[in-house]
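I have placed the structure first, in the form of structure tokens, so that the comments after it can refer back to it.
The values are calculated or read from the model by the stated rules, or taken from the named source; none is laboratory data. Quick caveat, the model's predicted, so the values are computed rather than measured. A quick note on method: Cβ atoms are made from the backbone with ideal geometry, for glycine too, and the neighbour counts reach across all protein chains shown. The protein model used for the area step is the full one, side chains on, heavy atoms only, and it has no ligands, DNA or RNA in it. Shrake-Rupley method; radii C 1.70, N 1.55, O 1.52, S 1.80 Å.
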Amino acid sequence: MSNSTLHLHILGICGTFMGGIAAIAKELGFTVSGSDANVYPPMSTQLEQLGIHLNSGYHPDNFSDDIDLVIVGNAMSRGNPMVEYMLDRNIPYISGPQWLLENVLKDRWVLAVSGTHGKTTTSSMLAWILEYAQLAPGFLIGGVPQNFTSSARLGNAPFFVIEADEYDSAFFDKRSKFVHYRPRTLVINNLEFDHADIFNDLSDIQRQFHHLMRMVPSNGLILSPANDVAIEETLAMGCWTPTEMSNVESGWQANKLTEEGSEFTVSFNGVVQGTVLWNLMGDFNIDNGLMAIAAARHAGVPAHIAIEALAEFVNTKRRFELRGIINDIAVYDDFAHHPTAIERTLAGVKAKLASQSKQGQKSGRILAVLEPRSNTMKSGIHKDTLPKSLAQADYVYIYQGEPLSWPVTDLIAQCQPPCLVENSLMALIHNITQEAQAGDIIVIMSNGGFEGIHEKLITSLQQHND
């Protein structure tokens with residue numbers, strides 16, 4: 001039976017990962033349809049352009065009679081009307097990661113990018129380096145890579161880059177997604193506790209990473225930073241694959257030539273490979289870049305070619321993405337939602353402002369705007385480390401849009417910079433607008449849509465200065 005005669009229906013199709021699955025399935029020739037509670041751009045637009053029929057909501061009527069297989073997203077749970085209908089009528093089903101393994105990854109050289117932070121950026125960099133080197137990779141990235149026209153594509157064999165998420169696969173498969181990927185090249189950027197809704201502690205996460213490591217062949221490569229205790233402990237559980245490390249003399253190193261990190265040299269085993277000149281900033285992006293260069297080298301791309309590619313890299317949307325400049329007030333959108341990511345983002349902004357000041361340019365302040373929205377943040381796991389992560393801001397604004405299990409107002413006393421907590425978005429925007437002045441950088445941080453604050457704040461700033 002050819003793919004074109006098989007009809008796949010995807011539950012949760014508008015998530016970035018499941019939308020990527022849909023795009024690849026369509027490219028393979030399957031008939032694809034899907035359902036989601038929130039059918040909205042940009043994924044809905046991307047899927048409609050591919051000719052994929054979307055249903056809003058999870059009514060069983062969304063299932064047509066010719067469905068051959070249901071791909072179940074990990075946001076689905078028992079009690080969902082379509083899940084119950086599928087189970088009651090014995091309609092074949094599978095998780096997204098397993099479908100990807102069986103239909104794409106089993107025949108590819110998989111380059112998987114994992115870790116608590118930097119997965120989307122590093123996998124986007126890696127895919128772009130391979131593309132620049134004319135290797136035409138396939139990829140599936142959990143964001144919107146701006147060097148490409150979509151977040152996923154089949155590509156040409158052998159290389160396939162995937163963002164390797166440790167979140168679970170489906171309600172019936174609680175293993176991490178990445179255990180289905182079977183990489184030959186594995187990047188582990190860092191390892192911290194996150195996803196408190198499915199993991200009890202860091203050791204739970206390390207166990208999943210150990211399962212992943214056990215699948216990397218002896219002719220593969222595992223890349224990680226030196227001196228990350230959690231990664232070292234995980235490697236000590238058993239590793240049968242060669243390893244390379246960054247931030248160490250006998251591995252990959254970066255030497256910053258500018259304070260904010262827009263220029264740095266790259267060395268491997270003490271030998272300089274070249275100098276990266278790019279539009280990104282921050283030590284965390286330098287770390288991401290080193291990992292991407294190292295992973296591409298394992299796939300046969302010389303380091304100097306990877307360095308050339310990074311000069312043309314455009315960062316993924318929502319990774320310190322400039323949304324607008326109004327009267328010399330810059331508004332940025334960032335996906336940071338974990339204290340470490342928040343601290344690294346603000347450190348990069350601080351370095352940028354310091355560099356501007358040294359060059360005699362006007363240097364303003366950092367206004368950090370945070371929505372504690374992730375399940376881990378809501379649980380209060382990070383409430384004691386959050387104030388320190390915000391210390392490099394000049395003003396902190398916290399939006400409590402949803403009920404949390406801890407009093408966010410405690411941050412007002414614990415934060416080093418002045419801190420304001422609001423449960424009204426318009427009140428928050430008003431206060432930011434009143435405080436912002438020329439030269440300031442406003443960094444909006446959330447792993448969600450933040451109720452459209454970006455455009456609303458830009459409009460407010462424009463009206464305030466008219």
Over all directions, the chain yields a Cα convex hull whose mean projected area in nm² is 22.5 nm²
Computed from the beta carbon distance with a Förster radius of 51 Å, FRET efficiency for Asp328 and Gln134 to the nearest 0.05 stands at 0.80
For Ile326, other-chain or 5+-apart residues with amide H closer than 5 Å (H placed, Pro excluded) are Val331
Kirkwood Rh over alpha-carbon pairs of segment 127-270 plugged into Stokes-Einstein at 25 °C, 0.890 mPa s gives a D in µm²/s of 144 µm²/s
Of Asp68, Asp283, ordered by accessible area with the largest first and a 1.4 Å probe, the sequence is Asp283, Asp68
With all protein chains present and a 1.4 Å probe, the order of Cys419, Cys239 from largest accessible area down is Cys239, Cys419
Semi-axes of segment 1-125 from the Cα gyration tensor (sqrt of 5 times each eigenvalue, largest first, whole Å) come to 24, 17, 15
Between the modelled labels at His464 and Met426 (7 Å from Cα along Cα→Cβ) the distance in nm is 1.6 nm
In segment 1-100, the trypsin sites (Lys or Arg not before Pro) that sit in a DSSP loop and have at most 11 other Cβ atoms within 10 Å of their own Cβ are Arg78, Arg89
Those GluC sites (Glu not before Pro) from segment 311-373 that are DSSP loop and have at most 16 other Cβ neighbours within 10 Å turn out to be Glu312
Computed on Cα atoms only, the convex hull of segment 341-466 has an orientation-averaged projected area in nm² of 7.6 nm²
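Averaged per residue, what accessible area in Å² does the chain show with a 1.4 Å probe, protein chains only?
With all protein chains present, the chain gives 40 Å² per residue.
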Among the DSSP H helices of the chain, those whose Cα atoms extend at least 27 Å along the helix axis and whose mean Kyte-Doolittle hydropathy is -0.5 or higher are 339-358
Counting only DSSP beta bridges with both partners in the chain, the antiparallel fraction in percent, to the nearest 5, comes to 25 percent
Projected onto the charge dipole of segment 273-350 (unit charges on the beta-carbon of Lys, Arg, Asp and Glu, signs +1, +1, -1, -1), the Cα from Ile305, Met291, Ile329 with the largest positive-side position is that of Met291
Free-by-geometry Cys in the chain, Cβ-Cβ under 4.7 Å as pairing rule, reported as Cys14, Cys239
Sorted by chain and number, the residues with a modelled amide H under 5 Å from that of Ser114, at a separation of 5 or more or across chains, are Ala164, Val187, Ile188, Asn189
Inter-part gap, Cα centre of segment 418-466 to Cα centre of segment 173-225, in whole angstrom, is 37 Å
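Work the Kirkwood hydrodynamic radius out for segment 368-414: mean of 1/r over every pair of different alpha-carbon atoms, inverted, in Å. List each step's numbers first, then the result.
On the way: mean 1/r = 0.0917 Å⁻¹.
Radius from the Kirkwood sum: 10.9 Å.
So what is the 222 nm mean residue ellipticity for the chain from helices alone, if each DSSP H run of at least 4 adds -39500 (n - 2.57) and you divide by all residues, rounding to the nearest 500 deg cm²/dmol? Could the numbers behind the result be given before it?
Values: 15 runs with 151 residues, N = 466.
The helix-only estimate for the chain comes to -9500 deg cm²/dmol at 222 nm.
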With x for Gly and Pro, the residue-by-residue ³J(HN,Hα) of segment 166-180, computed from phi through the Karplus equation 6.51 cos²θ - 1.76 cosθ + 1.60 at θ = phi - 60° and given in whole Hz, is 8, 5, 6, 7, 5, 5, 9, 9, 8, 5, 4, 3, 5, 5, 8
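Using only the heavy atoms of the protein chains and a 1.4 Å probe, how would Met237, Met18 rank by accessible area, largest first?
Working: Met237 90, Met18 15 Å².
From most exposed to least exposed: Met237, Met18.
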In whole percent, the fraction of accessible protein surface over the chain that belongs to carbon or sulfur atoms, probe radius 1.4 Å, stands at 47 percent
